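One structure below.
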Amino acid sequence: MRRNYFKSPFATFFLIQFICLSTILIINGCRKADVAANPPTETAIVNNIEQKFFNDNAPITPLVKALNGFLQRENDTLKFVEKTVRKIGYPRWDKAVTVSNSSNIANRGNSGDSLTVTYIPFVRDSQIYVNAAMAIFTTSEDTTFIYYCDWQYKEHSFTSGVTITDSSAEKFALFFMAFDKNVFGYNDFKIKDSELFSTLSPEDAGTTKRTLSISNPTANRGGNVNVSSRYITQSYEICLNNYHCTLVPGYCTPTSCDLCLAECFSQFCFEIEVGWWEDEGSGGGSGGTGGSGGTGGGSGGNNPPDGGTPPDCDEGVPTGRAANRNYIPCEPGWEPIPINDDPPQNLNQQLKNWDDSIIIDYTVRPCTDSIINKIRDLDSGTIAKIIKNLSGSAPGFDWEIQEVNQLYGLYINANAVTQYDGSPTNHAITFLNQSKLNNATNISLARTIIHESVHAFMLDYFYNAANISTATRDSILGLGYGNMLKVFVKRKYYLQNDNFHNLIMLNFKNDIKDALILLCPTLNISPFNLVQYCDDMAWGGLEETDLFQGLGLSDQQRIANTIEAELTNTTIVAGGISVSPLGQKACN
């Protein structure tokens, strides 16, 4: 029997909806299967890389925009972009640095050509520091480009003296640090290679934690640009910060100071021109004729080395550094310190803190204490600064001042004597001899205090000096002040000649003179020839030095009379020269 079913309009509607939805799902499923089965082509990947290479971090200046276009045309022929990105990452066009020279460099073009060099930093996606830079050279006749990679610093010799040479590994490292500052804002860097800046470290660079700080350029964007016949540079302030162990020499390593009873910080600051040789580098390419206004040149030109890509670093697997002296690791010998990390202590603040930490014993009379405070109030760490300028390091020992009624034995006629307790206290004590200083003027007492602070430093230095026998140390410590100073300068600056050593001691004497010039007005001392007077006083204790012995006899006599007049607060007449004291008796 046949049965008839009557469907409602609603049932029909839902049936149609179901069929449509099923059809859509089937079609989408097929499309997804097609996508999964057909990944992006190699051409599409390369195109994406090239788009990112030329368009991300877009160039700002007209010249850099033109160079961007030039490289696009070069890439149409050479196809170097994808290989370059794989090696060194992507360019930061927005952080390019351009400098110009109106004269010929390295015989490029005609003698009247103007050369423009544009440095473009490169950063890998996985890193937050500059690992390479492209240098593009443009003249009215030609456009070429080369690469610098951070690991190439090892291809250059390390600085052997106190001056960083233009072609050194240190100069190459500073080039990249300057770019890290420009691109990411880094100010401080950890030095990982013990050979980098080793001659600027007061202790063994292999057992010292070292960082480097780079300040803002000294002029407008790009710093003070200096273009010479061979290289292009920018001026920056550089400070090398050394954290080393003074109480247990040799136990402080780059990764641990656990056996250090205290960590000593020293800082060596200098101004340097950061740049690199314009005709060095690796890889790169060459374009055609440039145009006015920096058009970047046309495509074509000579066949470029390495096809326009950066050099390869074949790191290898060395069995030991001594076995392969030319081994070049594929990484830099430094790394940026994150900006949120604590920066090194300000040097001026550290010097001031050291002066403020001078221990004044209860035996020190108020009149003497007043003079000590006047010295400390002159500047940020007046005494510590004199020591730092002499040695290159901020003092890392404790200094105490006491007064005694009378010294005995060998020191009965000494103005003062300083003794030193070595590890673990590193504590120097100066005993001022009241019987000898009873009539001394305020300026004479001030000079004696400064004199003894340096004496305390030298005792600290020789007690903790490495590679020195006990007999040699005892012999040095038995020397007079001037002769001990001569030995210190020769040991500290052993790579330099006698002229340099004399210059160090002359600068030291002048530092004392300058401090006394500032101090005199606070002591109501205002001679007609203030500079000459303070210079004479600064020679106290340096009579044994070659510098003093090289002075004329009349100068030596005047200096001796001036120092004696202030020490005794009486007029001294000797050698036909009369000198009266200008200071006031320090203590009544």
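Structure notes:
- For region 531-546, the criterion of a residue being more than 21 Å from Ile383 (Cα to Cα) and within 34 Å of the chain's Cα centre (by Cα) is satisfied by at least one position.
- Selection count, region 374-401, where residues are crowded, with 16+ Cβ neighbours inside 10 Å and either outside any loop (DSSP other than H, G, I, E, B) or without any contact (Cβ under 8 Å) to a residue 12 or more places away in the chain (or both): 16
- Filter result for Glu50 (within 30 Å of Ile128 (Cβ to Cβ), more than 37 Å from the chain's Cα centre (by Cα) and modelled with pLDDT under 80): no
- Inter-residue pairs, beta-carbon under 7 Å, first within 18 Å of Gly396 (Cβ to Cβ) and in region 459-477, second at pLDDT 85 or above and of a type in the set (Lys, Arg), 6+ apart: Phe462/Arg473
- Number of the condition not met by Glu82 [criteria: (1) among the acidic types (Asp, Glu); (2) at pLDDT 60 or above; (3) exposed (fewer than 10 other Cβ atoms within 10 Å of the Cβ)]: (3)
- Summed over region 388-429, the residues that are of a type in the set (Asp, Glu) and at pLDDT below 90 give a count of 2.
- Here region 347-366 is the region considered, the condition is being out of contact with any strand residue (DSSP E or B) (no Cβ under 9 Å at 6 or more places or on another chain) and either small (Gly, Ala, Ser) or surrounded by 12 or more Cβ atoms within 10 Å (Cβ to Cβ) (or both), and the residue that is modelled with the highest pLDDT is Asp355.
- Test: residue in region 520-527 that is surrounded by fewer than 19 Cβ atoms within 10 Å (Cβ to Cβ) and in contact with a strand residue (DSSP E or B) (Cβ under 7 Å, 6 or more places away or on another chain): no
- Scan of region 130-164 for residues that are in a loop (DSSP other than H, G, I, E, B), over 18 Å from Gly333 (Cα atoms) and β-branched (Val, Ile, Thr), ordered by number: Thr139, Val162, Thr163
- In region 562-588, the residues that are over 22 Å from Ser370 (Cα atoms) form no Cβ pair under 6 Å with any partner that is assigned to a loop (DSSP other than H, G, I, E, B) and among the aromatic types (Phe, Trp, Tyr), whether six or more places apart or across chains.
- Within region 114-136, residues that are basic (Lys, Arg) sit with their Cβ atoms under 8 Å from residues that are at pLDDT 90 or above, at 6+ positions apart or across chains, in these pairs: Arg124/Ile88; Arg124/Gly89; Arg124/Tyr90; Arg124/Asn131.
- Against the test of being part of a helix (DSSP H, G or I), within 18 Å of Asn442 (Cβ to Cβ) and touching a Leu at 6+ places or on another chain (Cβ under 9 Å), the options Leu485, Leu567, Leu547 yield a single qualifying residue, Leu567.
- Filter result for Val531 (closer than 26 Å to Thr441 by Cβ and among the β-branched types (Val, Ile, Thr)): yes
- Checked against (1) under 41 Å from the mean Cα position of the chain (by Cα); (2) part of a helix (DSSP H, G or I); (3) hydroxyl-bearing (Ser, Thr, Tyr), Thr562 meets all criteria but (1).
- Residue within region 165-186 that is without any contact (Cβ under 8 Å) to a residue 60 or more places away in the chain and in a loop (DSSP other than H, G, I, E, B) present: yes
- Within region 358-373, considering residues that are assigned to a helix (DSSP H, G or I) and of a type in the set (Val, Ile, Thr), the one farthest from Cys520 (Cα to Cα): Thr368
- Residues located in region 152-180, provided they are hydrophobic (A, V, I, L, M, F, W, C), modelled with pLDDT of 85 or more and either surrounded by fewer than 18 Cβ atoms within 10 Å (Cβ to Cβ) or within 18 Å of Leu240 (Cβ to Cβ) (or both): Phe158, Ala169, Phe172, Ala173, Leu174, Phe175, Phe176, Met177, Ala178
The values are calculated or read from the model by the stated rules, or taken from the named source; none is laboratory data. As the structure is a prediction and not an experimental result, all values here were calculated from the model. Positions of Cβ are backbone-derived with ideal geometry, glycine not excepted, and every protein chain shown enters the neighbour counts.
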